[in-house]
1. Can you quote the Å³ per residue value for the convex hull of the Cα atoms in chain B, rounded to an integer?
2. Evaluate the distance, in nm, between pseudo-label points positioned 7 Å from the Cα of A:Leu21 and of A:Gln147 along their respective Cα→Cβ axes.
3. If you wrap region A:181-258's Cα atoms in a convex hull and average its projection over all directions, what's the area in nm²?
4. Checking the table A:Lys215/A:Lys264; A:Lys148/A:Lys264; A:Lys39/B:Lys27 against a 28 Å threshold on Cα-Cα, which pairs fail?
5. Dividing the convex hull volume of the alpha carbon atoms of the protein assembly as shown by its residue count, what do you get in Å³ per residue?
6. Give me the dipole magnitude in Debye, nearest 20, for the protein assembly as shown about the Cα centre, with unit charges on the beta carbon: positive for Lys and Arg, negative for Asp and Glu.
7. Of the options B:Ile116, A:Gly149, A:Leu251, report the single residue whose Cα projects farthest towards the positive end of the charge dipole of the protein assembly as shown (beta-carbon charges: Lys, Arg +1; Asp, Glu -1).
8. In Å, what is the Rg of the alpha-carbon atoms in region A:1-58, and how long is Dmax?
Amino acid sequence: MLKFFKNRFFWALLLVIVISLVVMNLTAAQRSNITFVEKIIRDTYVPLQSGVSSFRSNWDRRTAVFNDKSQLQQQIKLLEEKNNQLALENQALQEYKQESFRLHKMLNFYNANRENYDLLPAHLIARSPNNWYESITIGRGSRQGVQKGMPVISPSGLVGRVESVSENSAQVSLITDREMAVGAIIQRTRETNGIVEGLGDSDQLRMINIPYYSKINEGDRIVSSGLSTIYPPGINIGTVTEVTPEPNGLLLTAMIKPAVDFNKLEEVFVITSYHPVEVFEEEEE
Amino acid sequence: MRILVLILLPWLAIFLQSTIFSFLSIKGTTPDLVLVFVTFFALFNTAEKGSGYAFFCGLLEDLYMGRFIGLNALSKGLTAYIVGRVQGNVFKENLFVGVFAVLIATALNYLFLFLISIVVFDVFHIDTGMLHHILYQAVYNTIVAIPLYIWYFYSSNRGVLRTSGRVK
């Protein structure tokens, strides 16, 4: 037994465990900024991640023409050879049309909201490397004016919040992350204040703290209440899919289908003019 | 050269997990390539070296994520230590050994993550969604471990990861 305690590896291991637990505890809370080392590590990934992201976009655009090969074969039977060429060309144009439609939608959204908040468009360059966190990395960082705590939205609805920023990238915690909570109301009645929390699942959210007398129904749209001071009010969060009473009978819980399809997210907007209160509080401290 | 490759492996694993594998996710679950490499390293080295390397790899992942720094480092370090402790008793030429080690390591890693979360944060919320993630990841890790183990085994014997000419 004593021999075991004389083992240098044992003491080194114990020291490492204790230091790790302390650092873990310190970094569990919201930090005003990430360290220099974290910024360096994250920025080493940005060029390659941006490269993969743009390669994938180009690849999708090119392969879309060939993906519908079977459809084209049916058309060959129906149309002349001349039409066949046009059909193929049309496939390519369809993809550009889709892209144009998406960008047009984003532009409309940008124009409609620019009086309310300043929006900074950003491209998604990477996703969380593990299943522990629900987060994305965007190709805009402190150099482009992104700050920690800024809300992130898409034309479909609320995406999340900037968690940490490096020079050329920012990590965004999605609202589906287990640690995220958003103050929310039912858009139809505007009477119920609840909290929408993430479940670590990109297809589901949970709304808690709903009073038992609430007139919440399946299909109701849930929007941000603005009471959380982090997110602007009225941003679409999702649609109610199921309402169940809590065991105590005083509250209800609702399952929400997010408005944003997080698996297909490609472009987002960072609300740069809307600063959360908690960041200032932290700085004042 | 060996050191450089060992440093680049977790870096590359994080890069692949955050880009290519995020698009190839199975029900939102991506494989933990860092854990796969860490398991292989522990399998071909001692428990001490394995845990040290795993700690470094986990720390790199934690620093990239910027949250709960030390969580992955510690869980992977402890997982690799256990794998390293039993590596002397297994027949590493068998592909099944490497693949099975990854399966066990995935379960151990999650077990340590839960235990550390309970110690540091008092409570850990576990639900069926999380259990599904663990199950999918165990399967995914095991599948990607098959080609990676073949590469790692040959690299450790005759390739770039060779130390003294043969496996210890």
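No value in this document is a laboratory result; all are computed from the given coordinates. Remember, it's a predicted structure, so these values are computed and weren't measured experimentally. When we count neighbours, we look across all protein chains shown, and the Cβ atoms used for this are built from the backbone with ideal geometry, even at glycine.
1. 106 Å³
2. 3.7 nm
3. On the way: hull surface 18.7 nm².
Dividing the Cα hull surface by four gives the mean projection, 4.7 nm².
4. Numbers: A:Lys215/A:Lys264 32 Å; A:Lys148/A:Lys264 24 Å; A:Lys39/B:Lys27 30 Å.
Exceeds cut-off: A:Lys215/A:Lys264; A:Lys39/B:Lys27.
5. Details: hull volume 92.1 nm³, N = 453.
For the protein assembly as shown, the hull spanned by Cα atoms encloses 203 Å³ per residue.
6. Working: 40 positive and 40 negative charges, 375 e Å.
Once rounded to the nearest 20, the dipole reads 1800 debye.
7. The listed residue farthest towards the positive side: B:Ile116.
8. Over region A:1-58's Cα set, Rg and Dmax evaluate to 19.8, 64 Å.
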